[in-house]
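Derivation of every value follows stated rules applied to the coordinates shown; laboratory data play no part. Remember, predicted model here, so these are calculated numbers, not experimental data. Here Cβ is always computed from backbone atoms with ideal geometry, including for glycine, and neighbour counts include all displayed protein chains.
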Amino acid sequence: MIQYATKGQQMKISIDLRSDIPIYLQIVEQIRQQLTSGGLKPGDQLPTVRALASELRINFNTVSRAYRVLDQSGIISTQQGRGTYILETPPPEVVERLQLESLDALSRHYLRQTSRLGFSLEEAIKHLRQQAGKPDTGDQNFS
């Protein structure tokens, strides 16, 4: 696990090199999650591609690909000579789409991991329901 945290900002990126999720998608999902949770705010500047790649000790093309995906999604804007910034507050439908995309990615990861451990879909769902019914132990927000 490789972690990166900016100075003066809330952006934190953790890369799991053993994960079956490509590194660039891990970066994309974590930035999306931080935007929807308020960890990153519109106008926040992201590190340069080279700086983030250097800190995470990964190829700069990987970070560049992640930034390209985020740019195409309308989440960030790269301004030549100025840097890369989180765009102004997206409309509610975009925020909802980002949240659902993040939930989809988390769900796929969870199901891949439970399958790898030999659990059936039914067992995984049963366990999730049990966990959702437990008392709040932190940032859980289940009804």
What is the ratio of the Cα radius of gyration of the chain to 2.2 N^0.38 Å, where N is its residue count, to two decimals? 1.15
Whichever aspartates and glutamates have a C-alpha closer than 14 Å to that of Lys12, once near sequence neighbours (fewer than 8 apart) are set aside: Glu29, Asp44, Glu55
Under a point-charge model restricted to the Cβ atoms of Lys and Arg (+1) and Asp and Glu (-1), what is the dipole moment magnitude of segment 2-86 relative to its Cα centre, in debye to the nearest 20? 180
Work out from phi, with θ = phi - 60° and the Karplus expression 6.51 cos²θ - 1.76 cosθ + 1.60, the ³J(HN,Hα) of each residue of segment 46-53, listed in order in whole Hz, and give x for Gly and Pro. 8, x, 5, 4, 5, 5, 5, 4
Based only on other Cβ atoms within 10 Å, what is the fewest-to-most ordering of Arg112, Arg57? Arg57, Arg112
Taking the Cα centre of segment 92-132 as the origin and placing charges on Cβ (Lys, Arg +1; Asp, Glu -1), which of Leu117, Gln130, Ser102 is farthest toward the positive end of the dipole? Leu117
Segment 2-86 shape via C-alpha gyration tensor axes, a/c threshold 1.5: rounded
For segment 25-99, averaging the sequence separation of alpha carbon pairs under 8 Å that lie six or more residues apart and dividing by its residue count, the contact order in percent is 39
DSSP loop GluC sites (Glu not before Pro) in segment 57-120 with at most 12 other Cβ atoms within 10 Å of their Cβ, which ones? Glu88
Just from its helices, what would the mean residue ellipticity at 222 nm be for the chain, if runs of 4 or more DSSP H residues each count -39500 (n - 2.57) and the sum is divided by every residue, rounded to the nearest 500 deg cm²/dmol? -16500 deg cm²/dmol
For segment 92-132, count all C-alpha to C-alpha pairs, find those more than 16 Å apart, and express that count as a whole percent of the total. 45
